[in-house]
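Everything on this sheet refers to the single structure shown next.
The values are calculated or read from the model by the stated rules, or taken from the named source; none is laboratory data. As the structure is a computational prediction, the values presented were derived from the model and not from experiment. Note that each Cβ is placed from the backbone with ideal geometry, even for glycine, and that neighbours are counted across all protein chains shown. Each accessible area value is taken on the protein alone, full model and side chains, heavy atoms only, with ligands, DNA and RNA left out. Shrake-Rupley method; radii C 1.70, N 1.55, O 1.52, S 1.80 Å.
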Amino acid sequence: MSSPIPGVTILGPLKGAQNEILSKETLHFLATLQRAFNPTRKALLQRRVLRQQELDRGQLPDFLPETAFIRNDDVWKAAKPAPGLQDRRVEFTGPVDRKMVINALNCGAATYMADFEGTRLGLSPKQSDGNFYISKKKAGKFGEFI
């Protein structure tokens, strides 16, 4: 189906509100965008294909060389983290059953985030067991349960 805009073809029938939505002004706007940006869009899509080929060959992502001057400028460097924030390894785990607590506490992370909510409502035995295991670990008596 032709349209009132030269070079624009509508490939399907327009029904109901589509006639209002695809007004002459809208089609003119879309045609202007397509004509202005289609070469850039195509070039970016081609770059995406080439980049994927590089990644598929094993090339790892890296910073753009043209932005090195920013990374090397001391003005853009942040202060070093406070001592308590230097080791931020965290173990995120699911339910607080015995096995999950043991695995989380033995994983080598500096912190452990337990999920006491999960899908349970109210105070379930597993939640109270989890509290028990965590309190024993804090008291230095967790070894009895391993």
Fill in the blank from the handout: Condition set at pLDDT below 75 and more than 19 Å from Ser135 (Cβ to Cβ), scope region 91-109, selection least open to solvent (accessible area, probe 1.4 Å): answer is Gly94
Handout entry: Residue check for Glu117: open to solvent by less than 70 Å² (accessible area, probe 1.4 Å) and either outside the structural domain of Ile5 (by the TED database) or at pLDDT below 80 (or both)
Key = no
Completion exercise
Restricting region 58-88 to residues that are within 30 Å of Asp115 (Cα to Cα) and surrounded by 10 or more Cβ atoms within 10 Å (Cβ to Cβ), the one modelled with the lowest pLDDT turns out to be Arg88
